[in-house]
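The structure under discussion appears below in the form of structure tokens.
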Amino acid sequence: MQRGEIIKVLLDGLAAGAERHGVDAVLVLRDPAAYGLAQSLRRTSDAWPALDKRLKEQVRRLTDIGSRGKLVPFMGAGTSVSGGGPQWSTLLDDLAGEVGLGKHREALQKLGSLDQASLIQERFAERASNDATGTNQDFRASIASKVALKRYGLAPALLSSIPSDGAITLNYDELFELASEDQGNPRSIIPSSYASNTHHRWLLKLHGTASLPDSIILTRDDYLGFKSNKQALTGLVQAHLMTHHMLFVGFGLSDQHFHEIIHDVRRAIPHTSKTPHALGTALVLTEDEMQRGLWEKHLDIVHMSPVGTPLDEAGRTLEIFLDMLDATFAANHTYLLADKYEGALSAPDRSLRDKLLELEEHLPEGASPGATKIVRTMLAALGHEL
């Protein structure tokens, strides 16, 4: 049995077993040709029955944008939850409890999140001044320790596969970076203290990173200072909002800094009847008419599930959505001409394979070297060993 046929049998068996036992199955393929074939087979077999027609159409729309290099992931705390990361409210609760404000949590919650963080920071400073041993962590070191996760869930892995040079996050953790590294596509981090930050792809960490605790932004003073000291970072986001299509994932759309950026961009773009209204697409868990009413002039809001759906179910639908998006983006076609994969090809693909191999056998001597090189490069990209 050839490799292609083995992959097809495995996919069919895993799909049947997963449905029968109510579990998820993962097929790990390290060979690019095998991976490309597997994703091609999944696309033709409709491997995402949990997604309705509306969501599948949204996948195709985003794929079309991404195929032109215009789709840029913008990630919030929700993308880190499956890896054990805290939501903002949970992080504030944990920090408050660490400095004795847990019993005042109800009163503390009456403040905005920025002011909550400011008050908690003050308590951390007071505790440090009274600590003769010097063993207590300071405010930002404590934040870094709570988000220093080592294992990522599906969302960072799937989002890191989107064919985009850039990505933006408000998260302090480094799960997206880990996923990108594991895929062989490491990213330069902006801002960073590393002199060797020379990778082609980049990740803008708008609110800082756990490995550099002093860079973390959480309090009101942090936000006000950001506006005056890090305008270049804001400018990068604004430029991408104007020239690309942002894909907001795991993001509550309530961040004050984000509101300011959107406001500045909307003012900078002259609005006419031909101006596209959407600066990006926000993937949200459940339908929310109030949120849609607030943002529909600026963003396409795509909800995963109806109102009332449990968040864990809606979160699973989001991961399935991203999985289909990732599979649709998969552009490796080296299986077409690679040895031992033809057994799993469709009849049209097998006919194309035969004609391409015949073309290679009949390349005329003396033909234009430039044209011949282009043909050979194409054949090599499709997996043919010349």
Original post:
Name the residues in the stretch 36-74 that are among the hydroxyl-bearing types (Ser, Thr, Tyr) and modelled with pLDDT under 90, would you?
Top reply: 44, 45, 67
Subject >> Wholly enclosed helices (runs of 4 or more DSSP H) of the stretch 1-72 bearing at least 3 residues more than 20 Å from residue 353 (Cβ to Cβ) >> reply: 3-21, 53-67
Original post:
Just checking, which of 44, 79 is in contact with a strand residue (DSSP E or B) (Cβ under 7 Å, 6 or more places away or on another chain) and among the hydroxyl-bearing types (Ser, Thr, Tyr)?
Top reply: 79
Subject >> Segments classed as helices (runs of 4 or more DSSP H), wholly inside the stretch 78-165, with at least 2 members that are within 17 Å of the chain's Cα centre (by Cα), assigned by TED's automatic domain parsing to the domain that holds residue 216 and within 27 Å of residue 177 (Cα to Cα) >> reply: 154-159
Original post:
Looking at 101, 108, 62, which one is under 30 Å from residue 25 (Cβ atoms), surrounded by 13 or more Cβ atoms within 10 Å (Cβ to Cβ) and of a type outside the set (Lys, Arg)?
Top reply: 62
**OP:** Would you mind telling me which numbered condition in (1) touching a His at 6+ places or on another chain (Cβ under 8 Å); (2) part of a loop (DSSP other than H, G, I, E, B); (3) without any contact (Cβ under 8 Å) to a residue 40 or more places away in the chain residue 366 fails?
**Re:** (1)
Subject >> Search result, residues across the stretch 171-194 that are surrounded by fewer than 22 Cβ atoms within 10 Å (Cβ to Cβ) and of a type in the set (A, V, I, L, M) >> reply: 178, 189, 190
Subject >> Residue among 165, 214 that is touching a residue at least 60 places away in the same chain (Cβ under 8 Å) and touching a strand residue (DSSP E or B) at 6+ places or on another chain (Cβ under 9 Å) >> reply: 165
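The values are calculated or read from the model by the stated rules, or taken from the named source; none is laboratory data. Predicted, not measured: the structure shown is a model, and the values here were computed from it. Methodologically, a virtual Cβ is constructed for each residue, glycine included, from the backbone with ideal geometry; neighbour enumeration extends over all protein chains shown.
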